[in-house]
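Asker: Pasting a structure below so you can have a look.
Rule-based calculations on the coordinates, nothing more; no lab input. All figures in this text were calculated on a predicted structure; none of them were measured in a lab. In this analysis, Cβ positions are derived from the backbone assuming ideal geometry, glycine residues included, and neighbour counts consider all displayed protein chains.
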Amino acid sequence: MSIRIHDTLTRETQEFVPLEPGKVSMYLCGPTVYDDCHVGHLMGPVVFDTIARWFRARGYAVRLVVNITDIDDKIIHKAQATGQLWNEVSEHYTAQYLQFMRDLGVESITDHPHCTHYVDEMVRFIGELIDAGRAYQAADGVYYRVSLQPGYGKLSGRKLEDTQSGARIEAQAGLENPADFVLWKNAKPGEPAWPSPFGPGRPGWHIECSVMASELMGPVFDIHGGGDDLKFPHHENEIAQSEAHGDAFAKIWMHHGLVQFSGRKIGKSDARMKDPEFSKQFNARYLLDTYGAPAVRFFLVRSPYRRPVDFEPSALDAARTGLVRLYRLLGDLMQDTTALDPAEVLSRPVGAELQALRSEFASSMDEDFNTGEAVAALFRMATLANGQSGTDREQTLRLLRDLGRILGLFQPGDLERVEKAGLAEDSELAGLVESVLGARAQARQDKNWARADALRDALTEAGIAVLDGASGTQFERIPGVEGDPVGILRRALE
RNA sequence: GGCGGCAUAGCCAAGUGGCUAAGGCAAUGGAUUGCAAAUCCAUCAUCCCCGGUUCGAGUCCGGGUGCCGCCUCCA
């Protein structure tokens, strides 16, 4: 029952052996805080939070460092475009990002180093690279000398010559090699700057990860993660810098697939994203408000992390429907806030059928964190529970919930957050819904079926699904229903 | 052009050479319901094409075809 991990560097899945017994140190490339998050930005944190949770369930103490890039060309451009100070931009989007982390239940991140808090360390690191002959000053900054790096390109599987023949790298004046990359950018007039022996300026993008990772975790650590698109050049360059600095750096590299739409990656440079109607459907805030954060988390965890996730509203909706089914099955168990002991959950004595499913769950997670298979095991537990009664059923449901909780699912309040997504912020609509439901209840009592059904139809049109049950009537918000729900419900009450 | 990945039911999607190819959504039939919805039960694929290895391949190898990512900022 050891954990196996796919390493991008060796392209093999191998048993994980920690540097220090019982401990895991991980570094994940975090956001550059210059704009609203889209769904793609949520994937890394959710994936690595889930991985960290499984490590903890297997008894490891986890350190997970996720940087915040709070100085960068894009931040400066955004500030210039909006008339803000650069740090007003970065602080605003940092706060937004951290709120997303809380909403999504990402709780494994132990350190959120800000790039600007480590400038001195970066300056020292760059100075050491210059002293070692591995970096040089050019007209507009300090550059890393790629030509002296043996094995440059080993992560992304490319050779220096290939990179050059790519020909899309503009030959920059003063560079020894077109693949050399900037470590320190000299400040232009009006740009934010930090003092350094190489002149006032700011750190380049790649250097921050090398420096902050080693500052917080030392010259070698267990796992470095990030999105597939960061393999080259970002991670390749991190390796180059750190190795040139004499650091062993990450033992294992893990890369998650990218979120796509209609088979194509969603990115800032995607022409489609210029259409506000198009981009809105990937906006993180919009998605969390419309579908509920737990549904978004569940969606991202349903398939294994290395595959690209094809995202579209109907797929998220399908995931949400299945998730709600589990919520309803769990019922009151969802609200239990008792702290969970993963070791106990994984070893607690249970019936044979349930034990088999728990085994599948655990071995799926052990095998490179295959959350897709693990989730399938949860659904099979649901089917099992439906055929049981009494203490057997109770045992199955408890285990289903607890295993889900190890992955960050089934938190207290999640059902509300998913079923009522978007309603909380609209108190007028929420009030109207209650009024219409009350009127309908009265009509049903009077056996005025025509009136009751008309009210129900109005609710449906307004995007509210009515759920009659033995213990009264519940309702849920149907995601993605457009129109004027307030107007519809007002008219219905007349 | 270079490097890498993927092709499994209407849709999404697991699958570590070998019992009946996970799971979700949708659909259909049934139970339930004032009627619905929700819920429960049941049904629903031989895995892009060709060739090969093997007692046995969705799973390995070779060749096609198609799609995608990276090579420029990018989670």
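Asker: Got a sec? Charge dipole of the range A:281-416, +1 on Cβ for Lys and Arg, -1 for Asp and Glu; which of A:SER359, A:THR383, A:PHE299 is way out at the positive end?
Answerer: A:PHE299
Asker: Decide, for the range A:37-155, between rounded, prolate and oblate: order the square roots of the alpha carbon gyration tensor eigenvalues as a ≥ b ≥ c, take rounded if a/c falls under 1.5, and otherwise choose prolate if a/b is larger than b/c, else oblate. Mind showing how you got there, number by number?
Answerer: Details: a/c = 2.35, a/b = 1.27, b/c = 1.85.
Since a/c reaches 1.5 but b/c is at least a/b, the shape of the range A:37-155 is classed as oblate.
Asker: What relative contact order, as a whole-number percentage, does the range A:424-478 give when Cα pairs under 8 Å and 6 or more residues apart are counted?
Answerer: Working: 40 pairs, mean separation 11.3, N = 55.
That works out to 21 percent.
Asker: Of A:LYS74/A:LYS420; A:LYS154/A:LYS265; A:LYS159/A:LYS280, which ones are farther than 29 Å apart at the Cα?
Answerer: Values: A:LYS74/A:LYS420 36 Å; A:LYS154/A:LYS265 24 Å; A:LYS159/A:LYS280 39 Å.
Pairs exceeding 29 Å: A:LYS74/A:LYS420; A:LYS159/A:LYS280.
Asker: Here's another thing I want to ask about it. At a threshold of 8 angstrom on Cα-Cα distance, excluding pairs fewer than six apart, so keeping six or more, what relative contact order does the range A:281-416 reach in percent?
Answerer: Numbers: 119 pairs, mean separation 39.6, N = 136.
Once normalised by length, the contact order is 29 percent.
Asker: Using a 10 Å cut-off around each Cβ, can you sort A:VAL433, A:VAL466 from fewest to most neighbouring Cβ atoms? Write out the running numbers ahead of the final one.
Answerer: Working: A:VAL433 23, A:VAL466 18.
By the 10 Å Cβ count, ascending: A:VAL466, A:VAL433.
Asker: Would you mind giving the three semi-axes, in whole Å and largest first, of the ellipsoid equivalent to chain A according to its Cα gyration tensor?
Answerer: Details: eigenvalues 442, 171, 61 Å².
Over the Cα atoms of chain A, the ellipsoid semi-axes are 47, 29, 17 Å.
Asker: With point charges of +1 on the Cβ of Lys and Arg and -1 on the Cβ of Asp and Glu, referenced to the Cα centre of the range A:281-416, which listed residue (A:LEU329, A:ALA318, A:ILE406) lies farthest in the positive direction of the dipole?
Answerer: Going by the Cα projections, it comes out as A:ALA318.
Asker: Quick check for me: using +1 on Lys/Arg Cβ and -1 on Asp/Glu Cβ, what's the dipole size of chain A about its Cα centre, in debye to the nearest 20? Mind dumping the intermediate values first?
Answerer: Working: 53 positive and 71 negative charges, 172 e Å.
So the magnitude is around 820 debye.
Asker: On to the next question. So for chain A, averaging the separation of alpha carbon pairs under 8 Å that are six or more residues apart and normalising by length, what relative contact order in percent results? Could the numbers behind the result be given before it?
Answerer: On the way: 742 pairs, mean separation 72.6, N = 494.
Computed value for chain A: 15 percent relative contact order.
Asker: OK, next. How do A:258-270, A:453-465 rank on mean C-beta neighbours within 10 Å, highest first?
Answerer: Values: A:258-270: 14.6, A:453-465: 18.5.
Per-residue Cβ counts within 10 Å, averaged per peptide and sorted highest first, yield A:453-465, A:258-270.
Asker: Fewest to most neighbouring Cβ within 10 Å: what's the order for A:TYR143, A:TYR286?
Answerer: Numbers: A:TYR143 22, A:TYR286 16.
The most exposed by this proxy come first: A:TYR286, A:TYR143.
Asker: What list do you get for A:LYS447, A:LYS420 if you sort them by fewest beta carbons within 10 Å?
Answerer: Details: A:LYS447 8, A:LYS420 16.
Taking fewest neighbouring Cβ atoms as first place, the list is A:LYS447, A:LYS420.
Asker: DSSP beta bridges in the range A:17-153, what fraction antiparallel, as a percent rounded to 5?
Answerer: Details: 4 of 13 bridges.
So the antiparallel bridges amount to about 30 percent of the total.
Asker: What distance in nm separates the two pseudo spin-label positions at A:LYS154 and A:GLU88, each 7 Å out from Cα along the beta-carbon direction?
Answerer: Between A:LYS154 and A:GLU88, the simple spin-label model gives 4.7 nm.
Asker: Which distance in Å, rounded to a whole number, links the C-alpha centroids of the range A:178-211 and the range A:334-353?
Answerer: 51
Asker: How long are the three semi-axes of the equivalent ellipsoid for the range A:372-419, computed from the Cα gyration tensor as the root of 5 times each eigenvalue, in whole Å, largest first?
Answerer: Values for the range A:372-419, descending: 19, 14, 10 Å.
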